[in-house]
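Right, one structure below, let's go through it.
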Amino acid sequence: MTAQTRHAHLDSRAIAVLLTCCFLWGLTQVAAKAALTEISPMWQAGLRSLVGGLLVWAWSVWRRVPLFERDGSLWGGLLAGLLFAGEFGCIFVGLQYTSASRMVVFMYLAPFIVALGMPWISHTERLSARQWGGLVLAFAALVFAFAEGFSAPGGPQQLWGDTLAVAAAVLWGGTTLAIRATRLAAAPVEKTLLYQLAVSAVALCAVALAMHDPLPLHWSPRLLALFGFQAVIVSFASYLAWFWLIRHYAATKLSVFTLSTPLFTLLAGALLLGETITPRLVIALAGLAAGIVLVNR
């Protein structure tokens, strides 16, 4: 199905799948933070990518998706994979110092990184005055939320976690731009996802070994459930569902619904981890949401 034959409007099936994905993504940060009590951040991120990559490979073999044909995507795939590894390294390390709620708010800087970078890749995608207004609004909301860290009980540690969250958002946006700017843009989505998962699995596990992080020898039922949710449900199933949506429905219609993801994270963080949702964080999230709407209209 080409872009011209995509559905212009979301039907009930698409909305159900999309909201399910957003709900799962909203729980991801909470599950990752909860698992850090039993596994180091680098091993968690690396093994998650490894299991997800193996499942994507098995799915591709079953669906007979060509993964190893020479299509000029190797260097773009390696770049996207390294950026992906850096993103999740920052996320999992950052969750040691900041809350899942704050992490997901700062992560939504990524769409604005893409908006700023796309004119350099495609000259037809220049920003309008309204889109620049959305970027300014989002940046102001980000600064408003970040400033809270200076007076937070966590002190410098929370600032460090918030900074890693911002770095992860920049790397996330960079990954999207790398995909759009290279041959990956024309590659099967399964191949693009496998590049990211495979390269990040090798890179993150290598960092864990270099840092002499202990690998858990005993996996409790709690750790298995938290890790399995991230690796199987999120990294494999939800990402493939998202790619299916992108293939069949207009991306602009999908983007607005993804704003529900940080709301799910805020609620899950408060209910499952006892995190405090401050008025400043809620206001910042509203500013980011308004900025995304302005940029994507």
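The values are calculated or read from the model by the stated rules, or taken from the named source; none is laboratory data. Quick caveat: nothing in here was measured; it's all calculated off a predicted structure. Ideal geometry is used to build each Cβ from the backbone, glycine not excepted, and the neighbour counts take in all protein chains shown.
Can you find a residue in segment 59-68 that is within 28 Å of T265 (Cβ to Cβ) and either of a type outside the set (F, W, Y) or at pLDDT 90 or above (or both)? Yes.
Among the residues of segment 199-218, those identified as touching a Leu at 6+ places or on another chain (Cβ under 8 Å), over 22 Å from G117 (Cβ atoms) and assigned to a helix (DSSP H, G or I) are A201, A203, C205, A208. Residues of segment 29-54 that are in contact (Cβ under 8 Å) with a residue 40 or more places away in the chain and β-branched (V, I, T): V30, I39, V51.
In this entry, G77 passes the filter for residues that are in contact (Cβ under 8 Å) with a residue 60 or more places away in the chain, farther than 30 Å from F139 by Cβ and of a type outside the set (K, R). Taken over segment 178-208, the criterion of being within 29 Å of P41 (Cβ to Cβ) and charged (D, E, K, R) is satisfied by R180, E190, K191. Tell me yes or no: at least one residue of segment 132-141 is touching a Pro at 6+ places or on another chain (Cβ under 9 Å) and within 28 Å of L209 (Cβ to Cβ). Within segment 132-141, none of the residues are touching a Pro at 6+ places or on another chain (Cβ under 9 Å) and within 28 Å of L209 (Cβ to Cβ).
Which ranges mark the helices (runs of 4 or more DSSP H) fully within segment 219-297 that have 1 or more residues being modelled with pLDDT under 80 and of a type in the set (A, V, I, L, M, F, W, C)? Qualifying helices (runs of 4 or more DSSP H): 239-248, 251-257, 260-272, 279-296. Put simply, of L194, L224, L209, L217 the only residue that is in contact (Cβ under 8 Å) with a residue 24 or more places away in the chain and not hydroxyl-bearing (S, T, Y) is L194.
In the condition set (1) closer than 18 Å to A201 by Cβ; (2) modelled with pLDDT under 95, W25 is compliant with all but (1).
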